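No value in this document is a laboratory result; all are computed from the given coordinates. Computed from a predicted model, the values in this text were never measured in an experiment. For neighbour counting, all protein chains shown are included, and Cβ atoms are generated from backbone atoms with ideal geometry for every residue, glycine included.
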Amino acid sequence: MTTPRNASEKTGDGRFKPGNPGKPKGARSMVTRAMEALLEGQHAALTQAAIDKALEGDTVALRLCLDRLAPARKDAPITIELPPIASAADAVAASSAVLAAVATGDVTPGEAGAVMSLLTAHKTIVEAGDLEARIAALEARGAGA
């Protein structure tokens, strides 16, 4: 029977211990370190060269500069009038408001989907709180009997 290179990597039952025995978290690869060494001290000059090319009309350089300096937003704030949500019934009213906002074109279906996910999560939390309160009331009634 062969033993692993490092027997301490295994537990008593022969399975490997949890965790990654490889390179430490945050360690840079050899290629990354080589590229950083080549570019050392040149970042400002390279950035200025890209800006100069973009200003001369080089569309690839322009796109590169804009992507780095003003990246497209992944999401943006939206405004929807929602009622306070303290019960499951309130969540139904809020989801109706979200659907109405989609129907009128005030928000996109994707934005509405994100809000609906938040509403669903909040409804679950509200329901858990209601259930906890009901159980506590039942236990208090049972203890008094």
Stokes-Einstein diffusion coefficient of segment 27-72, Kirkwood radius over Cα pairs, 20 °C, 1.002 mPa s, in µm²/s: 180 µm²/s
At 1.567 mPa s and 4 °C, plugging the Kirkwood radius over alpha-carbon pairs of the chain into Stokes-Einstein gives what diffusion coefficient in µm²/s? 56 µm²/s
Cα-Cα pairs above 15 Å in segment 30-115: how many percent? 72 percent
Interchain or sequence-distant (5+) residues whose placed amide H lies within less than 5 Å of the amide H of residue 10 are 17
Residue 121 versus residue 80, label points 7 Å from Cα toward the beta carbon: distance in nm? 1.4 nm
Using the Cα centre of segment 27-72 as origin and beta-carbon charges of +1 (Lys, Arg) and -1 (Asp, Glu), tell me which of 48, 32, 69 is placed farthest towards the positive end of the dipole. 32
What FRET efficiency do you get for residue 73 and residue 46 if R0 is 30 Å and r is their Cβ-Cβ distance, rounded to the nearest 0.05? 0.70
Mean residue ellipticity (222 nm) of the chain, computed from DSSP H runs ≥ 4 via -39,500 (n - 2.57), nearest 500: -20000 deg cm²/dmol
Distance between modelled label sites at residue 100 and residue 136, nm, 7 Å Cα→Cβ extension: 3.4 nm
Nearest 0.05, what FRET efficiency do residue 37 and residue 15 give at R0 = 41 Å with Cβ-Cβ as r? 0.55
How large is the direction-averaged shadow of the alpha-carbon convex hull of segment 88-144, in nm²? 3.7 nm²
